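The values are calculated or read from the model by the stated rules, or taken from the named source; none is laboratory data. On a predicted model such as this, the values are computed, not experimentally measured, just so you know. Ideal geometry is used to build each Cβ from the backbone, glycine not excepted, and the neighbour counts take in all protein chains shown. Note: accessible area is taken over every heavy atom of the protein model, side chains too, but ligands, DNA and RNA are not part of it. Shrake-Rupley method; radii C 1.70, N 1.55, O 1.52, S 1.80 Å.
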Amino acid sequence: MIEKPYLDNWRHRVGREDADKVLRRAAEFGTKLHGAAQKVAWREPVEAEIEPYAAAVRAFLDKHVLEVLGTELELVNPDLRFGGTLDLYCQLKDGTYAVVDYKTTAQLTREHGLQLAAYALLCRKHGLRVNRRLAVRVKKNRPGEFYVRQFEDHQEDVQAFLGLLEFWLWRHRAAVRRAS
């Protein structure tokens with residue numbers, strides 16, 4: 001829903017076929033990392049090839065998380081007509097409750113806050129407390145390292161997300177009506 005001209009420019013520069021390969025590999029890596037993150041949260045072993053990146057998740061959990069309350073939680077808000085899968089719902093060491101999303105992107109942007117605002121809405125709909133929204137960037141080029149960004153401007157992010165959701169529903173109204 002949000003334009004990303006830098007992605008379009010890059011795709012044009014490198015060519016569609018090469019760009020598709022890079023994006024496919026990135027998606028595969030992200031899928032592997034999310035699987036490993038779930039295993040790390042529940043103290044299960046991970047595959048050797050992903051272990052250096054799982055170490056970053058482990059370090060984040062050790063440093064910030066008091067208790068893992070859920071991983072890969074699939075939640076739906078039928079009133080607002082959207083759903084999502086949270087990477088991590090946890091209690092942090094300071095006693096607050098957080099939704100956490102793992103990212104393997106080169107940077108964490110304000111747009112990531114919109115996704116976390118959506119997750120917070122989903123949690124609250126299901127009676128789960130949320131005080132904090134965190135994105136954890138696992139660095140592909142530096143295995144074992146992570147960076148955490150906390151999104152503070154929650155109400156602004158909620159408003160922006162709901163506006164985008166309304167636009168998406170408007171744009172896809174025929175398909176949404178068929179699914180209802």
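One table, with the values for the structure above:
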read-out	value
Accessible area per residue, Å², segment 7-94 with all protein chains present, probe 1.4 Å	61 Å²
For segment 117-180, with +1 on Lys and Arg beta carbons and -1 on Asp and Glu, the positive-most of 169, 143, 155 along the dipole	143
Surrounding net charge for residue 85, when Lys and Arg each add one and Asp and Glu each subtract one, Cβ distance under 15 Å	-2
Total formal charge among the other residues, if their Cβ is under 13 angstrom from that of residue 18, Lys/Arg +1 and Asp/Glu -1	+4
Dipole of the chain [Lys/Arg +1, Asp/Glu -1 at C-beta], most positive-end residue of 52, 30, 131	30
Structure-derived mean projected area of the Cα convex hull in nm² - corresponding label in (i) 11.7; (ii) 13.2; (iii) 9.5	(i)
Per-pair calculated FRET efficiency, R0 = 22 Å: residue 141 and residue 8 via Cβ, rounded to 0.05	0.40
Cα-centred dipole magnitude for the chain, charges only on beta-carbon of K, R (+1) and D, E (-1), debye, nearest 20	300 debye
Summed side-chain charge close to residue 47 - residues other than residue 47 whose Cβ falls under 12 Å, Lys, Arg +1, Asp, Glu -1	-1
Cβ-placed point charges (K, R +1; D, E -1), dipole of segment 28-69 about Cα centre in debye, nearest 20	140 debye
Share of carbon and sulfur in the accessible heavy-atom surface of segment 1-58 [1.4 Å probe, %]	53 percent
Segment 121-180: trypsin sites (Lys or Arg not before Pro) in DSSP coil with no more than 13 other Cβ atoms inside 10 Å	129
Dipole magnitude (debye, nearest 20) for segment 1-50, charges at Cβ of Lys, Arg, Asp, Glu	60 debye
Mean separation of Cα contacts under 8 Å (6+ apart) over length of the chain, as relative contact order %	17 percent
Distance-filtered residues of segment 123-164 - backbone nitrogen under 14 Å, label point 7 angstrom along residue 62 Cα→Cβ	144-146
